[in-house]
Amino acid sequence: MEMPARYLLLVILVSAAAGKSLRPGTTRTALAAAGLSPRAGTVLLIGAEALLAALLVLPGTAYIGACGALGLLTAFTIFAGWAVATGRFVPCGCFGRAGAPMSRRTVARNGALVLVAALAMGAPPGGMTWTAVVVPPAVAVLLIWRVSWPSVPRPRAVRVSTGPGRRMLLVAAVSSLLAACTGRGSTPLAASSSAPRAPSAKPPATATPDCPLAVDVARLPANGIEENDCKAVGNYRETVGVQDEEGNGHPQYAGWTIARYSFDTAPPLEEVRNVTKVRCRCNGKEYDSASACLADCRTSLGCFTGICEPAGDQVCIEATLQKVTFKAVTTVYALEWEPTRALSAVCKRAVCAWRQRVIRHEAQHVRDARALVVGAGEAMEGKRYEACAATRAEARVAVEAVIKAALKAEADQLGDEFERISEEWHKTPAGKPIPDFACTTCA
């Protein structure tokens with residue numbers, strides 16, 4: 001709902017600013033009836049709506065534009081409610097049109113626009129709830145309604161006085177802005193502490209409500225950059241880079257994904273047979289039959305007679321694989337800037353956008369790693385492996401070892417293929433390195 005609400009809010013602000021610019025006389029009349037300076041108020045109102053529309057266009061400033069629009073629309077709604085409650089005749093002047101005076105319909109329409117502005121802001125800030133955003137303007141509306149309600153309400157064409165209602169209007173607009181905008185990305189008061197952070201207390205993932213990530217990130221103390229200067233992020237990435245759990249640094253990388261492949265297999269089908277082994281005295285090899293021994297065993301100076309001799313009975317097991325499943329276990333690591341100083345809302349959004357780009361890059365590696373296991377197990381099904389030993393138990397242990405070695409070799413090949421795919425993707429435009437966020441937003 002966030003992006004559609006922003007587009008709708010942008011259209012509304014552009015239409016309002018354009019209408020007032022084309023018909024400034026109507027806006028001056030409405031402002032004069034409200035007891036405000038007609039000329040200065042018209043210029044400021046058109047400029048404010050145009051500025052907020054411009055802020056909504058850019059992703060880095062869209063939240064600020066939504067906050068400003070919320071405060072402006074809240075002020076309009078409260079003022080309209082006050083005018084209706086006190087029976088004052090004040091023309092709307094909405095979108096530059098003369099129109100009828102403010103009515104309950106005006107209040108309802110502006111209230112809906114306030115909701116659109118709230119949706120355009122996105123999720124409630126960290127440590128905040130929608131109650132903190134909605135209650136201040138709602139309480140202000142009730143206070144204005146109670147204080148300004150006339151004893152005998154009747155329509156009258158008067159200018160708005162400078163009484164308590166107007167002061168309440170200013171308080172409501174400011175409180176709505178403070179409640180909605182200042183807590184973005186902040187932590188609750190109870191969570192703040194001057195004590196140093198213990199690295200072991202970090203949660204297993206760095207996704208937060210105000211900065212959601214595509215995949216979970218394993219947090220390591222080495223990847224938390226606690227310098228206050230944001231340039232330290234680029235320097236650290238360039239020289240040390242993100243580290244994995246084994247302590248390996250990857251210079252020039254802000255994110256890193258490790259894929260490990262494992263396998264599960266159902267019990268194989270076994271065929272057991274007893275054989276009498278024959279040993280060739282010349283080369284020391286054992287054969288399943290005397291004919292096979294005689295065909296391969298050649299007379300040499302070391303053995304002139306008795307070339308093939310019995311070597312004893314053995315048990316051979318031929319195992320056929322049935323169900324084989326390969327699994328990809330991925331772990332994502334990423335750099336994280338953790339300055340001790342408070343960050344502005346603009347800086348927080350810039351850092352969040354940078355982290356999200358890094359994690360979206362790593363999410364592609366995760367998808368590639370998991371895609372490799374699709375169909376890998378089916379290729380192993382039906383393969384046969386054999387081992388022989390003196391007893392059946394020993395033969396089973398031997399054939400299980402052969403199967404495990406074959407599956408491990410296949411898992412290693414998946415790991416090699418993942419590395420190859422990653423290198424190839426990095427050579428494409430979509431896989432190019434993620435640039436650091438601009439420090440000008442965090443000065």
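The values are calculated or read from the model by the stated rules, or taken from the named source; none is laboratory data. No experiment lies behind these values; they were computed from the predicted model shown. Positions of Cβ are generated from backbone atoms using ideal geometry, with glycine treated the same way; all protein chains shown enter the neighbour counts. Accessible surface is based on the protein model in full, side chains and every heavy atom, while ligands, DNA and RNA are left aside. Shrake-Rupley method; radii C 1.70, N 1.55, O 1.52, S 1.80 Å.
Below are the figures for this structure:
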| quantity | calculated |
| --- | --- |
| Filtered residues of the range 311-366 (kept if of a type in the set (S, T, N, Q) and farther than 20 Å from residue 253 by Cβ) | 314, 320, 322, 325, 340, 344 |
| Residues of the range 72-114 classified as at pLDDT below 75 and outside any helix (DSSP H, G or I), total | 14 |
| Residue match in the range 294-315 (condition: surrounded by 14 or more Cβ atoms within 10 Å (Cβ to Cβ), in contact (Cβ under 8 Å) with a residue 60 or more places away in the chain and not hydrophobic (A, V, I, L, M, F, W, C)) | yes |
| Failed condition for residue 340, given (1) part of a strand (DSSP E or B); (2) among the hydroxyl-bearing types (Ser, Thr, Tyr); (3) more than 23 Å from residue 246 (Cβ to Cβ) | (1) |
| The range 227-284, subset touching a Ser or Thr at 6+ places or on another chain (Cβ under 7 Å) and surrounded by 14 or more Cβ atoms within 10 Å (Cβ to Cβ), residue farthest from residue 319 (Cα to Cα) | 257 |
| Residues located in the range 225-247, provided they are under 15 Å from residue 354 (Cβ atoms) and either small (Gly, Ala, Ser) or assigned to a strand (DSSP E or B) (or both) | 225, 232, 234, 242 |
| Unique residue being of a type outside the set (S, T, N, Q), over 14 Å from residue 265 (Cα atoms), under 25 Å from the mean Cα position of the chain (by Cα) and open to solvent by 70 Å² or more (accessible area, probe 1.4 Å) when the list is 396, 370 | 370 |
